[in-house]
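The structure appears below as structure tokens.
The values are calculated or read from the model by the stated rules, or taken from the named source; none is laboratory data. Please read all numbers here as calculations on a predicted model, not as lab measurements. Methodologically, a virtual Cβ is constructed for each residue, glycine included, from the backbone with ideal geometry; neighbour enumeration extends over all protein chains shown. The accessibility values were calculated without ligands, DNA or RNA, using every heavy atom of the protein model including side chains. Shrake-Rupley method; radii C 1.70, N 1.55, O 1.52, S 1.80 Å.
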Amino acid sequence: MSSHALTPTRRPTGEILFALLFVSVGAAGLLTAGSIPIPPSETGIGPRAFPYIVCGILVLVGTGIVVQVLRGKVGQAEEGEDLDVTAKTDWIALAKLVGFVILHIFLIEPAGWPVAAAVLFSGAAWTLEAKPLWKAVLVSVAMALVLQYVFGGLLGVSLPPGPLLEGVPFLHG
């Protein structure tokens, strides 16, 4: 029997749920990408192409993982010296991370993308016990501003800068 085969005592529930999450996110993206407005002046590929490509890949990869897991092929646990393979999932940390993602979504419109992203990154650092936390918060703010500049300022992606950065023209998409 191969080392990737399932043992009778091991159920691949986590792997299947993870793969189904990929499929769900991809399917939701495929369903909603059609509602992205296309400017009348658009003559090239258009703003819907990238979401369709990424979401299609998510569906294909997720489906492939589900098929492989059901066929008995699962990844082997890493045998790193700093990894405790007997440790259980930290559901509280996972819930905190999900909570910060949800908070990020609700903060984007009223506070702006950079503030929402800084809160998300800082919350993830706090949840994952970054030490010292103040450095992680500074890096989070810097990352959020750099991402806003690159995507909003340089690439023209519509990321709302929010009331704190409204008057800074190079941060607008």
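By accessible area, using a 1.4 Å probe on protein heavy atoms only, region 89-132 has 75% of its surface on carbon and sulfur.
Can you work out the FRET efficiency for the pair A95 and R48, with r the C-beta to C-beta distance and R0 = 30 Å, to the nearest 0.05?
Efficiency computed from Cβ-Cβ geometry: 0.35.
Surface exposure of the chain, expressed per residue as accessible area with a 1.4 Å probe, stands at 70 Å². Each of T86, P110, V25 was placed along the dipole of the chain (beta-carbon charges, centred on the mean Cα), and the one lying farthest toward the positive end is V25. For region 88-173, the dipole from Cβ point charges (+1 on Lys and Arg, -1 on Asp and Glu) about the Cα centre works out to 260 debye, to the nearest 20.
Only Lys, Arg, Asp and Glu carry charge here, each on its Cβ (+1 for the first two, -1 for the last two); on that basis the chain has a dipole of about 340 debye about its Cα centre. The helix-only estimate of mean residue ellipticity at 222 nm for the chain, built from DSSP H runs of length n ≥ 4 each weighted as -39500 (n - 2.57), is -18500 deg cm²/dmol after division by the residue total. Estimated translational diffusion coefficient (Stokes-Einstein, Kirkwood radius over Cα pairs, 37 °C, 0.692 mPa s) of the chain: 169 µm² per second.
Judged by the gyration tensor of its Cα atoms, with axes a ≥ b ≥ c, region 25-127 is oblate; a/c meets the 1.5 cut and b/c is at least as large as a/b.
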